[in-house]
Amino acid sequence: MPSHGSLTKAGKVRSQTPKIPPKPKRNLVPRIRNRREHWIRQRKAQGLPVPTVVPPSSVPRKSATAQKS
């Protein structure tokens with residue numbers, strides 16, 4: 001079966017391409033991200049102001065609110 005180009009040159013460009021280190025990504029864990037988004041949606045629905053940057057400490061935990069009640 002004929003091929004497009006010789007197999008001796010296979011992978012030539014990829015091996016010659018300089019390796020670029022990946023940029024560090026700091027994505028949140030989905031559980032925490034969903035909790036934060038839910039908190040923001042609740043604040044918007046109640047007409048309360050939503051800060052532009054929501055630190056994780058500002059989102060109340062369920063265990064902390066359950067112990068106070």
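Every read-out reported here was derived from the displayed coordinates using simple, explicitly stated rules and does not represent laboratory data. Not measured: the values here are computed from a predicted model. Counting neighbours? That spans all protein chains shown, and the Cβs are built from the backbone with ideal geometry, glycine included.
Could you calculate, for region 13-57, the ratio of the Cα radius of gyration to the Kirkwood radius, expressed as Rg to Rh?
Working: Rg = 18.6 Å, Rh = 13.8 Å.
Ratio of gyration radius to Kirkwood radius for region 13-57: 1.35.
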Practice item. Between Q46 and V29, with labels modelled 7 Å along Cα→Cβ, what's the label distance in nm to one decimal, could you check? Key: 2.5 nm
